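A quick write-up on the structure given underneath.
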Amino acid sequence: MEIRFFITILITLMTSTSAMAQKEFTLEDLNYGGNNYHNMTPKNQWYEWWGNELIRLDVEKCTLIDKNSGKESPLFTLKDINAITKMDVHNLLYASFPYAGKPLVLLNSGGKRMLINWKKKTVEWSQDAGQYQAQEWNAQSKALAYVKDDQLYVRESDGTERQLTKDGSREIVYGQSVHRDEFGITKGTFWSPDGNKLAFYRMDQSMVKDYPQVNIFNREAEYEPDKYPMAGETSHKVTVGVYDLKSQKTIYLNAGDPTDRYFTNIAWSPDAKNIYMFELNRDQNDCRLVCYDAQTGDKIKEIYRETDDKYVEPLHPITFLPWDHNKFIMQSQKDGYNHIYLFDKDGNELKQITKGKWVVEEFVGFNTKHKGLVILSNELSPIQKNIFLVDISSGKRACMGSTEGWNDAELSENGQYMIDRYSAPKTPRNIDLVNSENGQVKRLFTATDPWVGYNVPEYSMGTIKAADGVTDLYYRMVKPVNFDPTKKYPTVVYVYGGPHAHNIDARWHYASRSWETYMAQKGYLLFILDNRGSENRGKAFEQVTFRHLGEVETEDQMQGVKFLQSLPYVDADRIGVHGWSFGGFMTITMMTHHPEVFKVGVAGGPVIDWKFYEVMYGERYMDTPQTNPEGYAKASLLNQAKNLKGKLQIIIGYNDKTCVPQHSLSFLAECIKAGTQPDFFVYPGEPHNMRGHQSVHLHERITQYFEDYLKPIKK
């Protein structure tokens, strides 16, 4: 008995000592603004395709990879490049190889864009790159488009600078993203395939009201207004110009009156003669694909039209088949899920290439040898993203590379080879080279777990039924470090819940945010649920929230809370909620509609009333305040300020141009009237999300709020 007792004590001491030996995380480790964050993320490697040859990029060298063996052989070093250029190039991680078969590397350094021949050891071409806005370079013509002092310029390959516009200003915007980055728009210039013509956006926002942003960092605060078109109010007008490098003339597409219309997903025909553009009405329920003559700007033909009772959302330009310039592919959700369709150039639908109750998440490129597409889809699981090679003629699909986790693909020029860069719940990062010809996979890189030696919580994934009793919803749970199922833990529901986002997928730790790990280390249980209205589950799943944002999402989140309340280790009296942006809206919605459930909340950058939000996003999901007054009134949190009972902290960036401060300030005014007492914190000069090390400060503040008001147990 004494020996058994001694052994038991020894094992206990050893276990305790082992646990004590594990390191604790800090926010400097876990937060992306932290000083040690770069050491706590899985290591990575970078690759570039040189036609069908694969090159690995490193700070000091570029190496050619044998696609059969995976072995590397040197191409050139940083020392070689500096000797050739007589410059101080700092690293080679941003090198690119735009010309297959030619030993030319493209580098930017010291304000110069250079094509360097590493075999001849010469700089074959260079161009002033400058520090300009909206730069876009074309490999065929070597011409550069850019914005300087609000005007659009083109710098030709010989260095000649052409100023294309003269009336650019804060109100007349050229060559930059329009429609507030909605409809898949990320830029404002579009080179033709031959590089001799440039399509560009011109946005007139002179009629849009200013939102009165203020810069407080000068001796006397300065007025720095931002053009912000709110739902139901006057929006900007966009037109599309085309500049011809040879004639040095600019024409505009004759698209008609741009008032209350959206122009997006600009694409060129392979012969550079025509431009294709999706045109959407302001109600966003009538979408048309129109072809224009790039030389005259005249409308040639409307070649496709799609309507919907709720909304149509074009997010991707058409793409012509490289082996048949009379046909193109187009993405659409018209059958209920985002899929790829084949059309001829006259707009006749030839076939639906992909089909099923799953989503094509990305078109990656073509396999020209086998006349196939390479896509990323969630066919294997709603929380996975995998690579598929799709035969256009038969529609047959073959999964390439990993059949688990969350994958991204980078194709060689002919599409036969691909880099499969993926993560899985217990895999930080793997990088494989995949030969689609025979399915052969060659491992190029395996990242080690950077969290070895730390106290790491348990991450799990599961499903519950939505409030409709039918739909499966995915959740992530992060249990406290050293979890004891006999104890009851304070629980924080982290929520986003809005369109075009999701929180749970099959990446490392089920895509857990690092702050969740930090909180689990402090003894909290974290719960994250992707409600209906979030992305990648099909049109019906996404559109169920139409005209009444916050309602269905909250119903689903409360199903998650019911699940939590059924667990013996969740303290039902200590449930908190936190979210940012749409998640901030959801945080306050949940706290004011269910004040008996949520004791503490932290809402970051919240939408308070959708009539204060921007036209494009707000009206897509809510229509206008004029046509849907009941929906706007029901979703407004101004009407709910009187229902606040728990401890709520609202945090915003003082110069938020996405969710303007009027939201939170209006809510505070209503709380004052109602006698409720939220807390409020502002980050001066910061936009919608805190930048740099201020993010560490932010998450310290969020954490401390839960520590102060949720963690203590009432005596």
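With each label modelled as a point 7 angstrom along the Cα→C-beta vector, the Thr307-Lys522 pair spans 5.4 nm.
The separation of the range 536-591 from the range 410-452, counted between C-alpha centres, amounts to 35 Å.
The alpha-carbon of Lys67 sits under 21 angstrom from the alpha-carbons of these lysines, leaving out residues fewer than 8 places away in its chain: Lys102, Lys369, Lys442. As I understand it, the value is the acute angle between the Cα axis of helix 694-709 and the longest principal axis of the Cα atoms of the chain; what does it come to in degrees, rounded to 10? Between the helix axis and the principal axis of the chain, the angle is about 20 degrees. Kirkwood radius for the range 381-472, taken over all pairs of different Cα atoms as the inverse mean of 1/r, rounds to 15.6 Å.
What FRET efficiency comes out for Ile216 versus Leu64 if R0 is 35 angstrom and r is the Cβ-Cβ distance? Round to the nearest 0.05.
Numbers: r = 53 Å, r/R0 = 1.52.
Efficiency, from the Cβ-Cβ distance: 0.10.
Relative to one another, the C-alpha centroids of the range 679-715 and the range 276-355 are positioned 45 Å apart.
Using 32 Å as the Cα-Cα cut-off, could you pick out the over-long pairs in Lys273/Lys371; Lys197/Lys227; Lys187/Lys355; Lys43/Lys327; Lys299/Lys385? Mind showing how you got there, number by number?
Working: Lys273/Lys371 24 Å; Lys197/Lys227 30 Å; Lys187/Lys355 30 Å; Lys43/Lys327 41 Å; Lys299/Lys385 39 Å.
Among Lys273/Lys371; Lys197/Lys227; Lys187/Lys355; Lys43/Lys327; Lys299/Lys385, the Cα-Cα distance tops 32 Å for Lys43/Lys327; Lys299/Lys385.
Rg to Rh ratio, the range 578-715, alpha-carbon atoms and Kirkwood radius? All intermediate terms of the calculation are to be shown ahead of the outcome.
Values: Rg = 15.1 Å, Rh = 15.4 Å.
Rounded to two decimals, Rg/Rh equals 0.98.
Taking 1.567 mPa s as the viscosity and 4 °C as the temperature, the Stokes-Einstein diffusion coefficient of the range 224-290 based on its alpha-carbon Kirkwood radius rounds to 93 µm²/s. Rounded to the nearest 10 degrees, the angle from helix 551-565 to the longest Cα principal axis of the chain is 40 degrees.
The alpha-carbon atoms of the range 405-557, seen along their principal axes, cover 50, 46, 22 angstrom, with the largest extent given first. Computed with a 1.4 Å probe over protein heavy atoms only, the accessible surface of the chain comes to 43 Å² per residue. Measuring nothing but protein heavy atoms, the accessible surface of the range 607-715 at 1.4 Å probe radius is 55 percent carbon and sulfur.
Angle, helix 662-674 long axis vs. longest principal axis of the chain, Cα atoms, 0 to 90°, nearest 10? Between the helix axis and the principal axis of the chain, the angle is about 30 degrees. A crude spin-label estimate for the pair Glu233 and Lys396, with each label 7 Å from Cα along the Cβ direction, gives 5.8 nm. With q set to 0.19, 0.25, 0.26 Å⁻¹, the log10 of I(q)/I(0) for the range 91-150, from the Debye formula over equal scatterers at the Cα positions, is -0.72, -1.15, -1.22. The range 158-188 to the range 610-636: how many Å between their Cα centroids? Between the Cα centre of the range 158-188 and that of the range 610-636, the gap is 29 Å. At q = 0.14, 0.21 Å⁻¹ the log10 of I(q)/I(0) for the range 629-692 amounts to -0.46, -0.89, computed by Debye summation with a single uniform scatterer per C-alpha, solvent ignored.
What's the FRET efficiency of Glu630 with Lys334 using the Cβ-Cβ distance as r and R₀ = 35 Å, to the nearest 0.05?
Values: r = 29 Å, r/R0 = 0.83.
According to the calculation, E is roughly 0.75.
The label point for Lys273 and the one for Lys166, both projected 7 Å from the Cα toward the Cβ, are 3.4 nm apart.
On a 18 Å Cα-Cα criterion, which of the cross-link pairs Lys166/Lys657; Lys61/Lys119; Lys86/Lys142; Lys112/Lys148 come out too long?
On the way: Lys166/Lys657 27 Å; Lys61/Lys119 15 Å; Lys86/Lys142 22 Å; Lys112/Lys148 16 Å.
From Lys166/Lys657; Lys61/Lys119; Lys86/Lys142; Lys112/Lys148, over 18 Å: Lys166/Lys657; Lys86/Lys142.
Over the chain, all Cα pairs binned in 20 Å intervals from 0 give whole-percent P(r) values of 15, 46, 34, 5, 0, listed from short to long. In the frame of its principal axes, the range 60-111 has Cα extents of 38, 21, 16 Å, reported largest first.
The Cα atoms of the range 335-399 define a convex hull whose projected area, averaged across directions, is 4.5 nm².
Pairs Lys426/Lys522; Lys539/Lys711; Lys357/Lys426: which are spaced more than 30 Å apart, C-alpha to C-alpha?
Result: Lys539/Lys711 exceed 30 Å.
Per residue, the average separation of C-alpha pairs within less than 8 Å and at least 6 apart gives the chain a relative contact order of 9 percent.
The values are calculated or read from the model by the stated rules, or taken from the named source; none is laboratory data. In this text, all values refer to a predicted model and were calculated from it rather than measured experimentally. Glycine also receives a Cβ, built like all others from the backbone with ideal geometry; neighbour counts cover every protein chain displayed. Surface areas here come from the heavy atoms of the whole protein model, side chains and all, with no ligands, DNA or RNA. Shrake-Rupley method; radii C 1.70, N 1.55, O 1.52, S 1.80 Å.
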